[in-house]
Ligand SMILES: Cc1cc2nc3c(=O)[nH]c(=O)nc-3n(C[C@H](O)[C@H](O)[C@H](O)COP(=O)(O)OP(=O)(O)OC[C@H]3O[C@@H](n4cnc5c(N)ncnc54)[C@H](O)[C@@H]3O)c2cc1C
């Protein structure tokens, strides 16, 4: 019998993790990526214990730890630098942050799949219950026994499964950068202002990632003011080392933050969704990529047990949907509170942070961190 062919649309974190998780199970795996090469540039990404446990199951944990920085302490601060809370994460896996470029490299290194860069999927059509045709922007087409949509928040594949249109912009934008410092910060932090926040995360050996949010319009342009002068105006008076990190960063990325309402029905026939294509979330919990890793692993586990069948797809959804939904909802709520600009609510929030014992905050995060997909009975 000939090998069944699976197409993964999108060579991001979800697509690559899925391919790795399904390796040597007898499928002929093809990954189609619309950009000209695999491997993201991007900025920093936090990888939390629930995702690190998957990396462990895939034999990649040490490589991730070797290329990342650990959150030894986590501070919540006010824009003036007052510490509102401090926690020291503990557990079987650490909380780490890694450059996206390095995470992609680790996932790609030794992957057993056929990689097709520069192949943007334009549309899908079902030939019958069991075969799907992919049509690419370059006018080529190919037929597969299964298609995994891992093409991110603006997923083309999702539109043939759920068809819910555009993502929902949540009213704030985010700048991000990675910068080498000549001073050691030694912690991860999130700083709260009025309608603005800044996060600092340790990437590795004096390299730090930062992100900054601000309430503003969808895709609002920084020109003609310019990104750095604008960041200086918005955050220049915030506590050390925020202004220094921003001004010393060479490449600054900007996104409008969006998600979608959690929606069941992640598969249709032989097509199934994973990662942001299935459950895009705002990044306030730092869990979008983590649950993309988790879900990709769970889907592969279900396919290993039930084959490339509807039973595998529905079992994956039963197991992963409640987690993804919880992340999307909790993250949206944290973002709303974090972006408060009301002069009464802002100080109230800061008092709330100060009065909440870190054990309670860690318990809230523990709900997401402590899940072990590798131990799941599928
Ligand atoms: C500002 C910000 C900060 C974040 N921080 C964190 C964090 O700290 N921790 C965390 O866990 N998550 C974080 N996230 C979320 C995380 O980035 C996403 O959840 C994660 O990248 C999802 O991975 P994915 O593979 O599903 O999608 P993507 O990373 O979007 O990858 C999709 C891939 O598909 C390709 N593609 C798209 N369309 C097509 C097509 N038609 N044909 C072929 N290929 C296509 C794209 O080029 C891309 O390579 C953050 C997100 C943002 C916006």
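The values are calculated or read from the model by the stated rules, or taken from the named source; none is laboratory data. Quick caveat: nothing in here was measured; it's all calculated off a predicted structure. We place every Cβ from the backbone using ideal geometry, glycine too, and count neighbours over all the protein chains shown.
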Inset, instruction - Please give the number of the condition residue 124 fails out of (1) without any contact (Cβ under 8 Å) to a residue 24 or more places away in the chain; (2) closer than 24 Å to residue 146 by Cβ; (3) touching a helix residue (DSSP H, G or I) at 6+ places or on another chain (Cβ under 9 Å). - result: (1)
Legend entry - Residue pairs meeting the criteria (Cβ under 9 Å; at least 6 apart or on separate chains; first without any contact (Cβ under 8 Å) to a residue 24 or more places away in the chain, in segment 6-33; second away from the ligand (no atom under 15 Å from the Cβ)): 26/3; 26/4
Legend entry - Selection from segment 19-38 of residues that are within 9 Å of the ligand (Cβ to nearest atom) and under 18 Å from residue 100 (Cα atoms): 33, 34, 35, 38
Legend entry - Residue ID - farthest from residue 316 (Cα to Cα), chosen from residues in segment 279-294 that are near the ligand (Cβ under 7 Å from one of its atoms) and part of a helix (DSSP H, G or I): 283
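Can you tell me which residues in segment 128-160 are part of a loop (DSSP other than H, G, I, E, B) and within 12 Å of the ligand (Cβ to nearest atom)?
137, 138, 150, 151, 152, 153, 154, 155
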Inset, instruction - Mind listing whichever residues of segment 114-127 are within 22 Å of the chain's Cα centre (by Cα) and part of a loop (DSSP other than H, G, I, E, B)? - result: 120
Inset, instruction - Determine whether segment 161-172 contains at least one residue that is over 30 Å from residue 249 (Cα atoms), in contact with a strand residue (DSSP E or B) (Cβ under 7 Å, 6 or more places away or on another chain) and at pLDDT 95 or above. - result: yes
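Find the residue count for segment 242-260, including only residues that are more than 18 Å from residue 339 (Cβ to Cβ), in contact with a helix residue (DSSP H, G or I) (Cβ under 9 Å, 6 or more places away or on another chain) and not in a loop (DSSP other than H, G, I, E, B).
Step one: of segment 242-260, the residues more than 18 Å from residue 339 (Cβ to Cβ) are 243-253, 260.
Right, trim to in contact with a helix residue (DSSP H, G or I) (Cβ under 9 Å, 6 or more places away or on another chain) and you get 243, 246-247, 249, 252, 260.
Now narrow it down to the ones that are not in a loop (DSSP other than H, G, I, E, B): 243, 246-247.
Looking only at that region, the number is 3.
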Inset, instruction - Name every residue in segment 190-208 that is part of a strand (DSSP E or B) and touching a helix residue (DSSP H, G or I) at 6+ places or on another chain (Cβ under 9 Å), in order of residue number. - result: 190, 191, 192, 196, 197, 198, 200, 203, 204, 208
Legend entry - Which numbered condition residue 274 fails, given (1) more than 7 Å from the ligand (Cβ to nearest atom); (2) crowded, with 24+ Cβ neighbours inside 10 Å: (1)
Inset, instruction - Quick one: which residue in 239, 263 is within 30 Å of residue 149 (Cβ to Cβ), surrounded by fewer than 18 Cβ atoms within 10 Å (Cβ to Cβ) and either in contact (Cβ under 8 Å) with a residue 12 or more places away in the chain or in contact with a helix residue (DSSP H, G or I) (Cβ under 8 Å, 6 or more places away or on another chain) (or both)? - result: 263
Legend entry - Which listed residue is within 12 Å of the ligand (Cβ to nearest atom) and on the phi < 0 side of the Ramachandran plot, from 120, 113: 120
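Tell me, which residue of segment 295-311 that is under 19 Å from the mean Cα position of the chain (by Cα) and more than 9 Å from the ligand (Cβ to nearest atom) is surrounded by the most Cβ atoms within 10 Å (Cβ to Cβ)?
This residue is 299.
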Legend entry - Residue list for segment 261-278, filter: part of a loop (DSSP other than H, G, I, E, B) and under 22 Å from the mean Cα position of the chain (by Cα): 261, 262, 263, 264, 265, 266, 274, 278
Legend entry - Options 284, 255; residue that is under 12 Å from the mean Cα position of the chain (by Cα) and farther than 21 Å from residue 15 by Cα: 284
Inset, instruction - Within segment 223-241, identify whether any single residue is closer than 26 Å to residue 96 by Cβ and near the ligand (Cβ under 9 Å from one of its atoms), and answer yes or no. - result: no
Legend entry - Matching residues in segment 222-241 - criterion: being part of a loop (DSSP other than H, G, I, E, B) and under 24 Å from residue 187 (Cα atoms): 236, 237, 238, 239, 240, 241
Inset, instruction - Identify, by number, the condition in (1) within 15 Å of the ligand (Cβ to nearest atom); (2) in contact with a strand residue (DSSP E or B) (Cβ under 9 Å, 6 or more places away or on another chain); (3) on the phi < 0 side of the Ramachandran plot; (4) modelled with pLDDT under 95 that residue 55 doesn't meet. - result: (4)
